[in-house]
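First comes the structure, then the notes that go with it.
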Amino acid sequence: MKNLGETLLREAPFSEIVIGNTALVRAMVEAGTRVVTAYPGSPTPEIADAIKAIPAERRPFYFEFSTNEKVALEVAFGAAINGHASVVFFKSVGLNVAADSFVQLPLFEIPGGLVIILGDDPGANSSQNEQDNRHYARLSYMPLLEPATAQEAYAMMLEAQRLASRRRTVIILRMTTHVCHAKERVSFAGWKPEKPDRRARFDPDSHNYIPLAATVFPLKRRALARLEEFRADFETSPLNRVLDNGNRSRGVIAAGTARLSLLDALESCVSKPDILELGTVHPLPRGLVRDFVAAHSEVKILEELDPILEEEIKALAYDERIASRIIGKIDPEEGVGEYLPEKVLGILAAAWPDSFSLPAVGSEKRAGAERLGSREAPGRPPQLCPGCGHRSAFYAIKRALQADDITVADIGCHTLGYLEPYRMGRVLLSMGHSTSTAAGLSLFNEERRVLCFIGDSTFFHAGLPGIVNAVFNSHNVTLVVMENGTTAMTGHQDHPGVGRNFNGDTVKIGVRAALEGLGVTNIREVDAYQQAKLTQMVKEALAESGFKVIIARHPCMLKLTREARRRPGWTARFVRVDPAACTEAHDCVSRFGCPSFQLIDGREVVVSNDLCIGDGSCRQVCPSGALTEPSAAL
Ligand SMILES: Cc1ncc(C[n+]2csc(CCOP(=O)(O)OP(=O)(O)O)c2C)c(N)n1
């Protein structure tokens, strides 16, 4: 696609090959969405990439990356109760951060309509768990739609915004990693730019926005009644489909990506079951499901992760006295990991071995794949990039630590400090947890010193309350802020410490200034490449009592190098190993662990020019000075 931004603004209907995340943005354009907010996290950042591609002056909605998911949700909520169609998006675990405000939303009249796009991550491809956020929909009485393809993501986003505005409420659009990233040709409708309505329609006299004590009950009753209205809508919604294969004994009820894998599995099936594809997952269209279950003697429920549909459908069958056999998850493994086609085939074969059979190991299918040259990629452990300031910091900090010191990780690129050769940051809960977990570890602990890490984006996201707590309660902890000037792990989004936001330049909230404002008095700052200085600082800080912070700063070198490469006149630089000076101590490989170094036959160290960025941060680690000045490209 030549110009994504122009494509997304086309006024005539068109079709284009796009990923699910991009399709969502076109739906926002067509739906008249006015405010979109987010906090970055896989699998959703490409939604913001597509928004960025639209020229700012022609973008029909406002967009911001907020400081965290709760804030993003509240900004979108504020806009929506003022009458503007709004959207907020973030990753699965982001909902835990947003939850306190999130669960309140269905209580209120939201005239603009609010859509929450959740990027769930079955398979934990880039998350610390694979939580099933459909639970949250039930917990908070919120409708939830779940697409399986990019085309459906587009259609359901349009429908979600339309329904949310019509019913003046909130709807969840649950995306999963594959739906976000899978590409297909999507047909889009036309669109006419409209002048945005700038009236402020917030009306707290007609609707109660203060849920307190007894006033909660009418609000809750309204939320429950609205859910039933959605249930009635969903009974006849085209987002649900029955695929009639003429099989009255066996049926499958499936949702999300499981539906696609099911279609794959059916290719080798002897007698195809009928299928009910559910796009409206909550509230369950009970009539539609009841009729489908009653019409088949056996029904298999096919859903990734938790048995949410299964339990609801079994209860429904009990209430309705339906005698059909409902087959849910047979093995606990059916609740773990993504429903890729092979897994779904295994699940169906366990339920109906006479209809579905697994290909034998070394089967024709596999042999065919090998003939075509497709091989499984070898596993590659994650690692810090060449030149990463975090590596330099970990190397330096490790030199200041004793073997039994306790180190606490946080979430970001620096989490990788737990790997060899650094082995630092040995416990991880969630974004921003590190200072408080470290504080707990410091209690009743006179023997082992406690040091924790946090990235700069996380510092602003959820780190601040833990830091305030450490000051307030005088915890004996040393915190290292790994400041690289960006949210590196999720694709280099700006954060409040950068001086730039999604829409341009803005005030820079310095980490040091923020710490001082929070009452931290013991602060040190150093460039993470100054290894000896950092080692010394950590030794000093650990010898002092109370709460201490070291800001170890170095720009993200992946970002910096990418930007530098685009500039005219840029030349590559590489570190060299001087074989005459090398004494084979191999600290560059075994202690520093930069992937640019390769050890040949256990002796000779060579530098890979494909990886080395010539930053030279490794030079300090060589005891014999065998790593030479970065030189210009050959
Ligand atoms: C609640 C939550 N939101 C978002 C994410 C996705 N995420 C993982 S790390 C990270 C921030 C990384 O930035 P930073 O703290 O600056 O560390 P860096 O990667 O730059 O070293 C984000 C947003 C997450 N894991 N959890």
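The values are calculated or read from the model by the stated rules, or taken from the named source; none is laboratory data. In this text, all values refer to a predicted model and were calculated from it rather than measured experimentally. Here the Cβ positions follow ideal geometry from the backbone for every residue, glycine too, while neighbour counts run over all protein chains shown. Only protein heavy atoms, including side chains, enter the accessible area calculation; ligands, DNA and RNA are left aside. Shrake-Rupley method; radii C 1.70, N 1.55, O 1.52, S 1.80 Å.
Structural remarks
- Cα-based shape type of region 215-333, given that a ≥ b ≥ c are square roots of the gyration tensor eigenvalues and the cut on a/c is 1.5: prolate
- Separation between Cα centres of region 70-99 and region 552-577, rounded to whole Å: 37
- Gyration tensor verdict on region 482-527 (Cα atoms; rounded if a/c is under 1.5, prolate if a/b is larger than b/c, oblate otherwise): oblate
- Nitroxide proxy distance, nm - points 7 Å out along Cα→Cβ at ASP197 and ASP319: 3.6
- Highest-first arrangement of 89-99, 471-481, 340-350, 49-59, where packing means the average Cβ count within 10 Å: 89-99, 471-481, 340-350, 49-59
- Whole-number percent relative contact order across the chain, with pairs defined as alpha carbons under 8 Å at least 6 apart: 10
- Mean accessible surface per residue for the chain, computed with a 1.4 Å probe while every protein chain stays in place, in Å²: 45
- Mean separation of Cα contacts under 8 Å, 6 or more apart, over the residue count of region 282-367: relative contact order %: 26
- Accessible surface for ASP331 stands near 80 Å², nearest 10, in the context of the full protein assembly shown (1.4 Å probe).
- √(5λ) per eigenvalue of the Cα gyration tensor, region 66-113, largest first, Å: 18, 11, 8
- If the chain linking ASP291 and LEU443 were pulled fully straight, counting 0.36 nm for each residue of separation and taking away their Cα-Cα distance, it would gain 48.8 nm.
- Cross-link partners of LYS183 among aspartates and glutamates, defined as those whose alpha carbon lies under 13 angstrom from its own and excluding same-chain residues fewer than eight positions apart: GLU16, GLU46, GLU152.
- Dipole size of the chain about its Cα centre, with +1 on Lys/Arg Cβ and -1 on Asp/Glu Cβ: approximately 1240 debye, rounded to the nearest 20.
- Only protein heavy atoms count here; on that basis, with a 1.4 Å probe, PHE63 has an accessible area of about 0 Å².
- The three principal axes of the C-alpha atoms in the chain carry coordinate ranges of 79, 69, 57 Å, sorted with the longest axis first.
- Tensor-based shape of region 472-622 (alpha-carbon gyration tensor, a/c under 1.5 rounded, otherwise prolate or oblate): oblate
- Cα-based Kirkwood hydrodynamic radius, region 425-481, one decimal, Å: 11.2
- Straightening the chain between ASN469 and GLU544 buys 25.2 nm, computed as 0.36 nm per residue apart minus the Cα-Cα spacing.
- Helix screen, the chain: DSSP H segments with Cα axial length of 27 Å or more and mean Kyte-Doolittle hydropathy at least -1.0 are 216-235.
- Translational diffusion coefficient of region 58-189 (Stokes-Einstein, Kirkwood radius from Cα pairs, 4 °C, 1.567 mPa s): 87 µm²/s.
- By the helix-only formula, in which each DSSP H run with n ≥ 4 contributes -39500 (n - 2.57) and the sum is divided by residues, the chain has a 222 nm mean residue ellipticity of -9500 deg cm²/dmol.
- Counting only residues at least eight positions apart within a chain, or on another chain, the lysines with an alpha carbon under 24 Å from that of LYS300 are LYS272, LYS314, LYS329, LYS343.
- Peptide packing: for 15-21, 408-414, 315-321, 3-9, the average count of neighbouring Cβ atoms within 10 Å per residue gives the ranking 408-414, 15-21, 3-9, 315-321, highest mean first.
- Distances between every pair of Cα atoms in region 146-207, grouped in 5 Å steps from 0 to the bin holding the largest one, split as 4, 14, 16, 19, 18, 11, 9, 6, 2, 0 percent.
- Cβ-Cβ FRET estimate between ASP244 and ARG591, R0 fixed at 60 Å, reported to 0.05: 0.40
- Rounded to whole numbers, the Karplus 3J(HN,Hα) couplings from phi for region 602-614 are x, 10, 7, 9, 10, 9, 7, 5, 6, 9, 4, 10, x Hz, using 6.51 cos²θ - 1.76 cosθ + 1.60 with θ = phi - 60°, and x at Gly and Pro.
- Stretch gain in nm, segment SER624-ALA532, where the contour uses 0.36 nm per residue and the Cα spacing is subtracted: 31.5 nm
- Region 21-60 - Debye-derived log10 I(q)/I(0), Cα point model, q = 0.33 Å⁻¹: -1.32
- Whole-percent carbon and sulfur share, accessible surface of the chain, 1.4 Å: 53
- Phi angles across region 476-482 convert, under the Karplus curve 6.51 cos²θ - 1.76 cosθ + 1.60 with θ = phi - 60°, into 3J(HN,Hα) values of 8, 9, 10, 10, 10, 8, 8 Hz, Gly and Pro given as x.
- Rounded to the nearest 20, the size of the Cβ-charge dipole of region 201-253 about its Cα centre is 240 debye, with Lys and Arg at +1 and Asp and Glu at -1.
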